[in-house]
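Engineer: I have a structure I would like to understand better, so I am pasting it below and will then ask my questions one at a time.
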Amino acid sequence: MLSVKNIQKSFAQNIVLEHISFEVADGEFVSLLGPSGCGKTTLLRIIAGLEKADHGCINLNNRDITDLEPSERDISMVFQSYALYPHKSVYENIAFPLRMRAPAVTRIPLFGRFTSTAQALEQDISQKVPQVAKSLRLDGLLQRKPGELSGGQKQRVALARALIRNPKLFLMDEPLSNLDAKLRMQTRMEISNLHHQTKGTFLYVTHDQVEAMTMSDRIVLLNGGKIQQVGTPLELYDNPVNLFTAEFLGQPKINVFNCVFKDYSLQVAGIHKNLTAPNLKQLDLLKQKAKKVAFRPEAIHICPQGQQPDLMAEFSQAEEVGSESLLKFSVGDETFSIRSAVTDRYRRFSFKEGENVPIVFEWNDALFFDKDGNRILAEAFL
């Protein structure tokens, strides 16, 4: 298990990481997710031993590795830039970690290769490299140099080099950011399959919410050097603790409206929604503190015929994404998006720009936030 406790890091007067604490269980896949500049790569480098924390400690399998050299931590790292040796073949790039961890006698020029230790090493390498290469579909490329490979192939070589040592922890620093969309999806599946096959412990840095949501057992969401929330992808999506989490997770972005409470009425985008109140204390809390209300795009719908709409909204744009349509509307100064499944591709929505369309909200899915963006938990009573 990896345990990160109270890590802090500053560069000059700039605080990069502040009181970072979390754990990664054995065999778990955890993503460090957040916008550029939030401190995720710095945190990964501290765990790898490439940066020194100002404060805090790191434990791996009940061993304090805070002050150990990178080579002593039993960690493998996959870099964003691949970091392959251009003069070595794919075979030798994959074998390199095994050679570096072998006894020094094996690296003595001329003499070293004839020792029994070196011969045992070569036999071990000749068995392990083809196995790892086959698992990543590199077995036909072992004699090529990195300059002869595509971006996706280079990334798989970097993954193979990390896997061959079977370390206690795999660190990955945005390994898919240099790939095109198709290769990203393909390599994402390969990394997930590798995780299930090896049952290894993975800590994965990304700014891409889709990568984090589809690959992770849990997500550590960072912003401004602080942890915003830790949980499973669905926990962060369905139950965000603050407005940053709600807005960062989800595509298209969550719809956020200003809200005002007056007596027993909630006013949102010109709507006056009467409230029932099984919990008067909670209603009073909302009336005192709630400044924003948010709805996921799937919690707003075009009003079915025969049902009373909540409001009439002005249609502005449609984005067709194959199996669904993303529809954009405005009401006064407020704008919002709807995600709508396309059940019949020949009968898509055909609203004209500026047309008024009846809209209904799933009020029990409303998320409330105070002036500081902190979530106010509310039972379903709207």
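Engineer: For n ≥ 4 DSSP H runs only, could you compute -39500 (n - 2.57) per run for the chain, divide by its residues and tell me the 222 nm figure to the nearest 500?
Structural biologist: That calculation yields -8000 deg cm²/dmol at 222 nm.
Engineer: Trypsin sites (Lys or Arg not before Pro) within region 45-100: which are DSSP loop residues with at most 11 other Cβ atoms inside 10 Å?
Structural biologist: Those that pass, being in a loop and sparsely packed, are Lys52.
Engineer: Going by alpha carbons, how many degrees (0 to 90, nearest 10) lie between the helix axis of 116-135 and the longest principal axis of the chain?
Structural biologist: Rounded to the nearest ten degrees, it is 30.
Engineer: A further question follows. DSSP loop chymotrypsin sites (Phe, Trp or Tyr not before Pro) in region 229-308 with at most 13 other Cβ atoms within 10 Å of their Cβ, which ones?
Structural biologist: Of the chymotrypsin sites (Phe, Trp or Tyr not before Pro), the ones in loops of region 229-308 whose Cβ has at most 13 other Cβ atoms within 10 Å are Tyr264.
Engineer: Of Phe202, Ile125, Ser192, which is farthest on the positive side of the dipole of region 122-263, counting Cα position, with +1 on Lys and Arg Cβ, -1 on Asp and Glu Cβ, and the Cα centre as origin?
Structural biologist: Checked the options; the winner is Ile125.
Engineer: Here's another thing I want to ask about it. At 1.4 Å probe size, with every protein chain present, just tell me what the per residue accessible area of the chain comes to in Å².
Structural biologist: 51 Å²
Engineer: Moving on. Find how much the distance from Gln13 to Glu320 grows on full extension, using 0.36 nm per residue of separation minus their present alpha carbon separation; answer in nm with one decimal.
Structural biologist: Answer, rounded to one decimal: 105.8 nm.
Engineer: Any of Lys287/Lys352; Lys134/Lys182; Lys5/Lys291; Lys168/Lys226; Lys182/Lys253 with alpha carbons more than 28 Å apart? Name them for me.
Structural biologist: From Lys287/Lys352; Lys134/Lys182; Lys5/Lys291; Lys168/Lys226; Lys182/Lys253, over 28 Å: Lys287/Lys352; Lys5/Lys291.
Engineer: Where does helix 181-198 land angle-wise versus the long Cα axis of the chain, in degrees 0 to 90, nearest 10?
Structural biologist: Compared with the principal axis, the helix lies near 60 degrees.
Engineer: Also: How much of the accessible area of the chain, probe 1.4 Å, is carbon plus sulfur, in whole percent?
Structural biologist: For the chain, the apolar C and S fraction of the accessible surface comes to 48 percent.
Engineer: Give, rounded to the nearest 20 debye, the magnitude of the charge dipole that the chain has about its Cα centre when Lys and Arg contribute +1 at Cβ and Asp and Glu contribute -1 at Cβ.
Structural biologist: That gives the chain a dipole magnitude of about 1160 debye.
Engineer: With Cβ to Cβ distances under 14 Å as the rule, what net charge do the other residues near Val157 carry (K, R +1; D, E -1)?
Structural biologist: +4
Engineer: Counting only other residues whose beta carbon sits under 13 Å from that of Val16, what net charge do I get with K and R as +1, D and E as -1?
Structural biologist: My count for the surroundings of Val16 gives +2.
Engineer: Toward the positive end of the charge dipole of the chain, about the Cα centre and with charges on Cβ (Lys, Arg +1; Asp, Glu -1), which of Leu68, Gln80, Ala95 goes farthest?
Structural biologist: Towards the positive end, the residue furthest out is Ala95.
Engineer: Moving to a separate point now. With the dipole of the chain worked out from charges on the C-beta (+1 for Lys and Arg, -1 for Asp and Glu) around the Cα centre, which of Ile254, Val30, Leu171 lies farthest toward the positive end?
Structural biologist: Farthest towards the positive pole: Leu171.
The values are calculated or read from the model by the stated rules, or taken from the named source; none is laboratory data. Please read these numbers as outputs of a predicted model, since none were measured by experiment. Positions of Cβ are backbone-derived with ideal geometry, glycine not excepted, and every protein chain shown enters the neighbour counts. Quick note on the areas: whole protein, heavy atoms, side chains included, nothing else; ligands and nucleic acids left out. Shrake-Rupley method; radii C 1.70, N 1.55, O 1.52, S 1.80 Å.
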